[in-house]
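*Asks:* Quick one: structure below, then a few questions.
The values are calculated or read from the model by the stated rules, or taken from the named source; none is laboratory data. Quantities reported herein were computed from a predicted structural model and do not represent experimental measurements. Glycine gets a Cβ as well: all are built from the backbone with ideal geometry, and neighbour counts include every protein chain shown. Accessible surface is based on the protein model in full, side chains and every heavy atom, while ligands, DNA and RNA are left aside. Shrake-Rupley method; radii C 1.70, N 1.55, O 1.52, S 1.80 Å.
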Amino acid sequence: MSHSTMAELRRALDGRWAEVRDTVRTELATSEWATPTEPLPITDYRERTTGQLLRLMHLPWTKAGFSDEPGTPGDIGASLTMFEMLGHVDLSLFVKVGVQVGLFGGAVAGLGTQRHHDEYLEKIAAGELLGCFAMTEVGGGSDVANLETTATYDSDTDEIVVHTPSPSAVKDYIGNAAKDGTMAAVFAQLIVDGTSHGVHCVLVPVRAADGTAMPGVTIGDCGAKIGLPGVDNGELSFDQVRVPRDNLLDRFGQITAPDPAKGTSAYTSGIESDSRRFFSMLGTLVRGRVSVGGSAGAATRNALTLAIRYATRRDQFSRPDLGDGLGSGIRLLEYSTHRRRLLIPLARSYALALATNALVADVHDKQVGSGEADADETAVRRLEERAASLKVANTDHASRTIQACREACGGAGYMWENRFGALRSDVDVFTTFEGDNTVLLQLVAKGLLTQYKDAFESFDTRAMIGFAARNVFESAVERAFGGSIVQRLIAGAPGRDADNALEDRGGQLAIFEDREEHTVATLAARMRSRSSDEDADPAEVLSAVQPHMLAAAWAHIDRLLLEAFAEVAEGCEDEEARTLLCTVCDLFVYSTVEANAAWFLEHGRISAAQSKAVSARVD
Ligand SMILES: Cc1cc2nc3c(=O)[nH]c(=O)nc-3n(C[C@H](O)[C@H](O)[C@H](O)COP(=O)(O)OP(=O)(O)OC[C@H]3O[C@@H](n4cnc5c(N)ncnc54)[C@H](O)[C@@H]3O)c2cc1C
């Protein structure tokens, strides 16, 4: 391969923030940063990760997500790319930085107003104020709108009283809580003058400078976990802890000072509905989800690189010597089973990496380009759905692929120094935090159902089912990552039933779109038929259609991935690089059709002969 082809390939894969990737590659390439080659005791690993976090926070390029100009975001694309690259280094470090900068810093930046930015952001960026993001409770992690912790405004003292009313309201699994965090962004039901206004976020000091818990705060340590040993996850509970009213992160809802004449205070918000306000708040935190997906993708590429390199060097069994003296060892990668195990996930990794690049650019352009506050709400929702889609797709792929890579390296794969153990156990929880994958897939499906009518303010089961029951769907996909190249390809595609539809890029795109459209339309039809009875229990209807919701979300995800891949591969200017990328893109397409052959066959989209031909192409 020529140098120019290699450079072009790298340019295509590195995307818009290539220089950030190069900086991380240069500055964090030493063993001092990488995951240790032997398991460390948890206390040592935590010390090491905290030390790394503090050192990182002094490097200028880690501040990309923070801006010097008040009220404006930093270079969001650079910051998200930096997070993704930390996934190549060490996942404990990624999570530790993610909690500090992405979650805690992100809550202050996204949910707070100017006074919070002025007071805290610089200290957060410098690592002088270490913080936690305390949302999950023992009783509920996925259903966060109904969490139990309360934040009650006391107009007599102009303070907010944060309280844990029951054992199930204890904040659990909170990163940075067990050892380092001195302040927590606590999510709680805000109560003003006896009225609850839904979940809001309040800054609560949790630890004094000497490391002891603040009065009224109880801190626990989650101890050893399956992975991420460098992250100090802990529990937090509050016994009537008082903080000034100013500690409410009040971009979306404000408490006005008590009226001296009436002695009452008031709650105000530009968004009337509690649930819509809460979902708008969550929307500002979308970057966390993008980062988790991106870093899981990076960790997967590490595993694939190790396993594929090993497979190109290791022989197992030999060709029989037929008397011509040519008997020789067989490279692992010569086995078609081995190629299937590693190269199919590799092709999907390419698709995921390119789609993640497109998502990062989208988030950057929406939050920096047009200004987050002005962005149109539907566009923001679409972005959240794409972030959820790629979070699920990247993390699901990571768990499966890292295990496959471990097995593909045999006994060597089981040795700690070869990294699969740490990669596998660290990445495991990525399918759970920043939104459990099964719950997120349902959120994605809900978004697909409401593509043309944004009738919902929250993931409300009854409203969604009522909506599906009332509306006949003529689903049509909304193009996400495909630009002019994808448009042109689809316009020139042969018909769905044409013999060469699967070999033509436009035909492939049309087939993936068709699968998504059909699955969404039949999901709506199922919901309609199940909810035609007035007394139908929405929870039961939802439960009955859940598998179909997941199928629709996966069809959507596969279509997003193909759009992103096709746009880059077909648009590549170097011919050799384009041919290579297009071959990998074909493998992604054929292996995806093969994995879903039952659907394509059952729905008459491909014949049995075509299905066999697809498998032959994968081979
Ligand atoms: C290492 C680690 C670090 C974390 N860090 C933080 C942090 O810093 N801050 C923070 O606030 N939280 C944090 N969390 C919490 C994390 O976000 C939650 O664990 C996660 O949201 C899932 O919630 P849960 O544990 O209550 O699981 P549950 O919501 O109880 O889910 C359990 C199972 O039920 C399934 N399920 C749930 N609801 C549905 C449904 N409607 N339909 C179908 N299936 C469903 C899920 O798929 C899952 O398999 C962390 C967790 C871990 C493990």
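*Asks:* Show the residue pairs meeting these rules: Cβ distance below 6 Å; 6+ apart or different chains; first residue within region 102-123 and open to solvent by less than 10 Å² (accessible area, probe 1.4 Å); second residue among the small types (Gly, Ala, Ser).
*Replies:* From residues that are open to solvent by less than 10 Å² (accessible area, probe 1.4 Å), the pairs are Phe104/Gly131; Phe104/Ala185; Ala107/Ala185.
*Asks:* Would you mind stating whether Ala184 is part of a loop (DSSP other than H, G, I, E, B) and under 27 Å from Leu121 (Cβ atoms)?
*Replies:* No; evaluated as a whole, the condition is false for this residue.
*Asks:* Suppose the filter is outside the structural domain of Arg21 (by TED's automatic domain parsing) and either open to solvent by less than 40 Å² (accessible area, probe 1.4 Å) or not small (Gly, Ala, Ser) (or both); does Gly297 pass it?
*Replies:* Yes.
*Asks:* Taking the condition within 16 Å of the ligand (Cβ to nearest atom), surrounded by 17 or more Cβ atoms within 10 Å (Cβ to Cβ) and touching a residue at least 12 places away in the same chain (Cβ under 8 Å), does Gly98 pass?
*Replies:* So Gly98 passes the test.
*Asks:* Just checking, does region 524-542 include any residue being part of a helix (DSSP H, G or I), more than 22 Å from Asn437 (Cβ to Cβ) and at pLDDT 90 or above?
*Replies:* no
*Asks:* In region 169-184, is there at least one residue being in contact (Cβ under 8 Å) with a residue 40 or more places away in the chain and open to solvent by 50 Å² or more (accessible area, probe 1.4 Å)?
*Replies:* yes
*Asks:* Return yes when Tyr414 is away from the ligand (no atom under 16 Å from the Cβ), modelled with pLDDT of 95 or more and of a type outside the set (Val, Ile, Thr) and no when it is not.
*Replies:* Yes: the conditions hold for Tyr414.
*Asks:* Further question: Considering only region 537-552, state which residues are more than 9 Å from the ligand (Cβ to nearest atom) and open to solvent by 50 Å² or more (accessible area, probe 1.4 Å).
*Replies:* Selection gives Asp537, Ala539, Glu540, Pro547.
*Asks:* Sticking with this structure for a sec: Tell me whether region 191-199 contains one or more residues that are open to solvent by 40 Å² or more (accessible area, probe 1.4 Å), under 25 Å from Thr268 (Cβ atoms) and within 12 Å of the ligand (Cβ to nearest atom).
*Replies:* Looking through region 191-199, none of the residues is open to solvent by 40 Å² or more (accessible area, probe 1.4 Å), under 25 Å from Thr268 (Cβ atoms) and within 12 Å of the ligand (Cβ to nearest atom).
*Asks:* If you don't mind, another one. Kindly indicate which of Thr50, Thr43, Thr35 is open to solvent by less than 30 Å² (accessible area, probe 1.4 Å) and at pLDDT 95 or above.
*Replies:* The conditions single out Thr50.
*Asks:* Still on this structure: In region 146-176, how many residues are assigned to a helix (DSSP H, G or I) and within 12 Å of the ligand (Cβ to nearest atom)?
*Replies:* Of the residues in that region, 2 qualify.
*Asks:* Is it true that some residue in region 245-256 is touching a residue at least 12 places away in the same chain (Cβ under 8 Å), among the β-branched types (Val, Ile, Thr) and open to solvent by less than 30 Å² (accessible area, probe 1.4 Å)?
*Replies:* yes
*Asks:* Considering only region 94-106, I want to know if a residue exists there that is assigned to a helix (DSSP H, G or I) and more than 27 Å from Gly227 (Cα to Cα).
*Replies:* Within region 94-106, none of the residues are assigned to a helix (DSSP H, G or I) and more than 27 Å from Gly227 (Cα to Cα).
*Asks:* Any idea which of Thr519, Thr579, Thr583 is of a type in the set (S, T, N, Q), part of a helix (DSSP H, G or I) and open to solvent by less than 40 Å² (accessible area, probe 1.4 Å)?
*Replies:* After ruling out the rest, the residue left standing is Thr519.
*Asks:* Quick check on my filter: what residues within region 201-237 are closer than 21 Å to Gly112 by Cβ, in a loop (DSSP other than H, G, I, E, B) and either without any contact (Cβ under 8 Å) to a residue 12 or more places away in the chain or open to solvent by less than 50 Å² (accessible area, probe 1.4 Å) (or both)?
*Replies:* Listed by number, the list holds a single entry, Val206.
*Asks:* Say whether the condition of being in a helix (DSSP H, G or I) and open to solvent by less than 10 Å² (accessible area, probe 1.4 Å) is met by at least one residue in region 315-332.
*Replies:* No, because not a single residue in region 315-332 is in a helix (DSSP H, G or I) and open to solvent by less than 10 Å² (accessible area, probe 1.4 Å).
*Asks:* Here's another thing I want to ask about it. Just for region 81-95: of the residues that are under 21 Å from Leu354 (Cα atoms) and of a type outside the set (A, V, I, L, M, F, W, C), which one is farthest from the ligand (Cβ to nearest atom)?
*Replies:* Filtering first and then ranking leaves Thr81.
*Asks:* Next up: Restrict the check to region 238-248 and report whether at least one residue is closer than 18 Å to Pro167 by Cα and either in contact with a helix residue (DSSP H, G or I) (Cβ under 8 Å, 6 or more places away or on another chain) or within 16 Å of the ligand (Cβ to nearest atom) (or both).
*Replies:* yes
*Asks:* Has region 274-281 got any residue that is open to solvent by less than 30 Å² (accessible area, probe 1.4 Å), farther than 30 Å from Thr378 by Cβ and touching a residue at least 60 places away in the same chain (Cβ under 8 Å)?
*Replies:* No: zero hits.
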